[in-house]
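Structure record follows, encoded as structure tokens.
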Amino acid sequence: MSKKKVAIIFGGCSSEYEVSLVSATSVIRNIKKDRYDVVMIGITKNGDFYLYNGDIDRIEQNEWLDNNVCKKITISTNRSDHGIIILDTNEIIKLDIVFPVLHGQNGEDGRLQGLLELAGIKYVGCNMISSAICMDKYLAHELVSSSGLLSPVSYLFDKSDNYEKIKSKISHLKYPLFVKPLKAGSSFGITKISSINELREATEEAFKYDNKIIIEENVDGFEVGCAILGNDNLIIGEVDEIELEDGFFDYFEKYNLKTSKIHLPARISEDEREKIKKTALEIYKILGCSGFARVDMFYTPDKKIVFNEVNTIPGCTSHSRYPSMLKEIGISFEEVINRLIELGGDYES
């Protein structure tokens, strides 16, 4: 049998560029080389696509962009090509499937997925519509709430809204509040504020990452997560719990764990974990997810489950939360990667 040609895309025109490099390096190291022929594609912070033929370690170190091992490419939108074009030679490399190991804007928000759908190329993960919905925190909350599940009280604003309007509209909300960019990931641009005096600075920070922001009430309790794998026959990993000493699970804490801990399984009863899994599964289906996603929720002192967000391309290192939750039920990281590739969707119409 010939090997499947799998393109792994890393980098991206996103604030989460560096996170992607680490995730992609881990995926490339753990993919089954006897089964898949790996094509490495890097996207610069400026949005240029390159075929990369260098050492894997240089990706993680952000030293991959080198003329000696890189060729500028584009994804062909001609479905008969079914792959990429090397621009200086017009050579076409056909692909069986793409694994976008990208986080945040321009990689996780449906834009790349739409391009691949237009090109008729299979890819790993949620389709364009689901990716776009999940990335839009406000819309995702609205859809989940309309199905009878709980989500935080929040308001949406854009750059045309002046400060006084924002202040007036949230005047009845109870502090602390979270001020968030609508579509950024890895907690970039998020501020937890305890009084009105911090609002202006927090909104300015959030608007650095997006032209729309949401302001939402804090949810008492702790954050729990659930890894889901599959399209029709869904596998649910063990529930984890984030224990915070103070503040919130921001970018620094997510990748350093200096004052926080992740408990796996979560320190609640098996019955409570099963209820969380059931809710995560419902959210996954409501938002049209496929392939894989990590559903994040809050668990309150009175045992209510409140939706937070869905990560359609969660962290993909061997020690990241998503693979760790599946490892807890006996699925290795190597096998997770294999199953994701085999589940890859064909979304062309």
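The values are calculated or read from the model by the stated rules, or taken from the named source; none is laboratory data. Predicted model, so just to flag it, every value in this text is computed and none were measured. Positions of Cβ are generated from backbone atoms using ideal geometry, with glycine treated the same way; all protein chains shown enter the neighbour counts. For accessibility, only protein heavy atoms count, side chains too; no ligands or nucleic acids. Shrake-Rupley method; radii C 1.70, N 1.55, O 1.52, S 1.80 Å.
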Inset, instruction - Could you tell me whether the stretch 98-121 includes any residue that is in contact with a Cys (Cβ under 6 Å, 6 or more places away or on another chain) and either assigned to a helix (DSSP H, G or I) or closer than 20 Å to residue 43 by Cα (or both)? - result: yes
Legend entry - Condition broken by residue 38, with the remaining ones in (1) buried (at least 23 other Cβ atoms within 10 Å of the Cβ); (2) assigned to a strand (DSSP E or B) satisfied: (1)
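Can you tell me which residues in the stretch 116-133 are open to solvent by 10 Å² or more (accessible area, probe 1.4 Å) and hydrophobic (A, V, I, L, M, F, W, C)? Lay out the reasoning, then the answer.
So the first thing to find is which residues in the stretch 116-133 are open to solvent by 10 Å² or more (accessible area, probe 1.4 Å), and the list is 117-118, 122, 127-129, 132-133.
Within the stretch 116-133, 118, 128, 129, 132, 133 qualify.
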Inset, instruction - Kindly indicate which of 84, 73 is among the aliphatic types (A, V, I, L, M), under 20 Å from residue 344 (Cβ atoms), surrounded by 19 or more Cβ atoms within 10 Å (Cβ to Cβ) and in contact (Cβ under 8 Å) with a residue 24 or more places away in the chain. - result: 84
Inset, instruction - Mind listing whichever residues of the stretch 263-275 are closer than 27 Å to residue 337 by Cα, free of Cβ contacts under 8 Å to residues at least 60 places away in the same chain and aliphatic (A, V, I, L, M)? - result: 266
Inset, instruction - Restricting attention to the stretch 138-178, report how many residues are closer than 30 Å to residue 275 by Cβ, in contact with a strand residue (DSSP E or B) (Cβ under 7 Å, 6 or more places away or on another chain), outside any loop (DSSP other than H, G, I, E, B) and open to solvent by less than 70 Å² (accessible area, probe 1.4 Å). - result: 9
Inset, instruction - Evaluate the stretch 104-114: report whether one residue or more is farther than 26 Å from residue 179 by Cβ, in contact with a helix residue (DSSP H, G or I) (Cβ under 7 Å, 6 or more places away or on another chain) and open to solvent by less than 10 Å² (accessible area, probe 1.4 Å). - result: yes
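Does the stretch 18-30 contain at least one residue that is of a type outside the set (S, T, N, Q) and not in a helix (DSSP H, G or I)?
As a first pass, look at the stretch 18-30 and keep what is of a type outside the set (S, T, N, Q): 18-19, 21-22, 24, 27-29.
This time we only want the ones that are not in a helix (DSSP H, G or I), so: none.
Within the stretch 18-30 (the criterion being of a type outside the set (S, T, N, Q) and not in a helix (DSSP H, G or I)), the answer is no, since none of the residues qualifies.
State all residues of the stretch 54-86 that are of a type outside the set (D, E, K, R) and more than 27 Å from the chain's Cα centre (by Cα); if no residue qualifies, say none. Let's see the steps before the verdict.
Within the stretch 54-86, the subset of a type outside the set (D, E, K, R) is 54, 56, 59, 61-62, 64-65, 67-70, 73-78, 80, 82-86.
Scanning the stretch 54-86 gives 67, 68, 69, 78, 80, 85, 86.
Taking strands (runs of 3 or more DSSP E) that do not extend beyond the stretch 181-234, which have at least 3 residues that are modelled with pLDDT of 95 or more and farther than 20 Å from residue 157 by Cβ? Talk me through it step by step, then tell me what you get.
On the way: elements: 191-193, 212-217, 222-230.
Filter on the stretch 181-234 gives 222-230.
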Inset, instruction - Among what's in the stretch 276-299 and is open to solvent by 20 Å² or more (accessible area, probe 1.4 Å), touching a residue at least 12 places away in the same chain (Cβ under 8 Å) and on the phi < 0 side of the Ramachandran plot, pick the residue that is nearest to the chain's Cα centre (by Cα). - result: 294
Inset, instruction - Quick one: which residue in 5, 33, 45 is surrounded by fewer than 21 Cβ atoms within 10 Å (Cβ to Cβ) and assigned to a strand (DSSP E or B)? - result: 5
Legend entry - Residue pairs meeting the criteria (Cβ under 6 Å; at least 6 apart or on separate chains; first closer than 20 Å to residue 278 by Cα and of a type in the set (S, T, N, Q), in the stretch 307-318; second open to solvent by less than 10 Å² (accessible area, probe 1.4 Å) and assigned to a strand (DSSP E or B)): 308/296; 308/297; 312/293
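Grab the helices (runs of 4 or more DSSP H) fully contained in the stretch 256-349, keeping just those with 1 or more residues being modelled with pLDDT under 95 and hydrophobic (A, V, I, L, M, F, W, C). Can you show your working first?
Values: elements: 270-286, 321-327, 333-343.
Ranges flagged: 333-343.
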